[in-house]
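So the structure is just underneath, and the comments pick up after that.
The values are calculated or read from the model by the stated rules, or taken from the named source; none is laboratory data. Because the structure is predicted, anything quoted here is derived from the model rather than measured. Virtual Cβ from ideal backbone geometry, glycine too; neighbours counted across all protein chains shown.
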Amino acid sequence: MRLLLAKARPDWARWQTALAPHAELTLRDPWRLTLRPETPADRSTWLNLDEFQGVICVSPTAASQLIAALDRYWPQPPAGVHWLCNGPATAEVLSQGGLMPQFPASGHTAEDVLALAPTQAVTQRKWLVVKGAGGRGIYPQVLKDRGAEVYTIEVYERALDPAVLAEMSRLSSEVDALLISSQLLGEALRSGHNGAWKVWPGLWILTSPRLLNWAREQGIVQCRLASGASPEAVAQSLHGGT
């Protein structure tokens with residue numbers, strides 16, 4: 001199987017190691033991240049990290065900005081805080097910064113993070129979500145529904161490179177499967193100027209039930225749900241059913 005992956009370039013080696021035995025890989029990096037300047041409100045939040053029951057980092061970039069803030073404002077990380085993230089790549093950044101992160105053993109989606117034990121008993125407790133601008137609001141919404149007082153810090157802007165998206169559309173005729181772990185990316189490909197992905201007959205591999213529902217709403221017939229967003233889960237899905 002010839003599989004097209006849209007992943008940040010620093011992650012390519014990890015994905016190649018896990019998937020090369022299972023598929024012929026084509027990797028492209030359409031993501032363009034721009035760090036946001038720290039605001040006075042951000043600084044106040046960083047200085048009061050010890051008030052939080054838990055902190056969730058949604059990506060390696062978010063984790064790196066948290067670690068940078070700890071380096072600026074905390075000689076030692078505050079004790080008693082749960083440091084949560086979605087998977088091993090983000091956990092590695094946190095670990096290298098001296099933290100002991102928790103993440104789901106499998107799945108690696110937001111829903112999996114919100115199934116972790118520390119996120120359950122949160123009534124009247126403060127939680128912080130470190131993330132990019134925009135994106136899904138599932139972490140704040142679910143934690144608020146559970147009674148938490150939730151703050152967010154948006155530390156970067158995320159955009160897609162039109163030139164790379166166009167290149168991915170040109171590659172559509174050369175691949176059998178496409179991995180989608182971001183609805184933003186899926187929508188951008190589907191709305192591309194040449195419409196290649198709207199008529200593409202290949203297999204869409206989706207990394208969460210939410211994305212699978214989105215694909216079906218788009219009328220995409222060839223869909224397969226991976227058990228999570230990790231390379232290992234995607235590798236397993238390459239041999240699974242729809």
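At least 3 residues being touching a strand residue (DSSP E or B) at 6+ places or on another chain (Cβ under 9 Å) is the threshold, and among the helices (runs of 4 or more DSSP H) wholly inside region 105-203 those reaching it are 138-145, 162-171, 183-190.
Just one of the listed residues (ARG14, ARG72) is surrounded by fewer than 16 Cβ atoms within 10 Å (Cβ to Cβ), in contact (Cβ under 8 Å) with a residue 24 or more places away in the chain and touching a helix residue (DSSP H, G or I) at 6+ places or on another chain (Cβ under 7 Å), namely ARG14. Which one of ARG210, ARG216, ARG158 is more than 24 Å from ARG2 (Cβ to Cβ) and surrounded by fewer than 17 Cβ atoms within 10 Å (Cβ to Cβ)? Answer to the selection: ARG210.
Within region 88-104, being in a loop (DSSP other than H, G, I, E, B) and touching a strand residue (DSSP E or B) at 6+ places or on another chain (Cβ under 6 Å) holds for LEU99, PRO101, PHE103. A search for C-beta distances below 6 Å between a residue of region 39-66 that is surrounded by fewer than 23 Cβ atoms within 10 Å (Cβ to Cβ) and any residue that is in a helix (DSSP H, G or I), counting only pairs 6+ apart in sequence or on different chains, returns TRP46/ALA69; TRP46/TYR73; LEU47/TYR73; GLY54/PRO118; PRO60/ALA89; PRO60/THR90; PRO60/VAL93; SER64/VAL93. Which ones in region 37-55 are in contact with a helix residue (DSSP H, G or I) (Cβ under 9 Å, 6 or more places away or on another chain) and either among the small types (Gly, Ala, Ser) or not assigned by TED's automatic domain parsing to the domain that holds PRO88 (or both)? Correct list: GLY54 only.
Would you kindly identify the strands (runs of 3 or more DSSP E) lying entirely within region 15-87 that contain at least 1 residues that are charged (D, E, K, R), touching a strand residue (DSSP E or B) at 6+ places or on another chain (Cβ under 7 Å) and within 24 Å of ALA159 (Cα to Cα)? The strands (runs of 3 or more DSSP E) meeting that bar are 24-28, 31-35.
Listed by first and then second residue, the pairs with beta-carbon distance under 8 Å, at least 6 apart or on different chains, first residue in region 178-200 and over 24 Å from SER59 (Cα atoms), second loosely packed, with under 13 Cβ neighbours inside 10 Å and of a type outside the set (D, E, K, R), are ALA196/SER173. Residues in region 184-207 that are over 21 Å from GLY134 (Cα atoms) and β-branched (Val, Ile, Thr) were compared, and the one that is surrounded by the most Cβ atoms within 10 Å (Cβ to Cβ) is ILE205. Among all residues of region 220-232, there is at least one that is outside the structural domain of VAL58 (by TED's automatic domain parsing), more than 16 Å from the chain's Cα centre (by Cα) and over 24 Å from ALA20 (Cα atoms). Only one of the listed residues (GLY241, GLY228) is assigned to a loop (DSSP other than H, G, I, E, B), closer than 26 Å to ARG32 by Cα and at pLDDT below 95. That residue is GLY228. Which residue is farthest from GLU154 (Cα to Cα), if the candidates are limited to region 88-131 and must be among the hydroxyl-bearing types (Ser, Thr, Tyr) and surrounded by fewer than 21 Cβ atoms within 10 Å (Cβ to Cβ)? By that ranking, first place goes to SER106.
Screening PRO140 with (1) assigned by TED's automatic domain parsing to the domain that holds ALA8; (2) out of contact with any Gly (no Cβ under 6 Å at 6 or more places or on another chain) gives one miss only, at (1).
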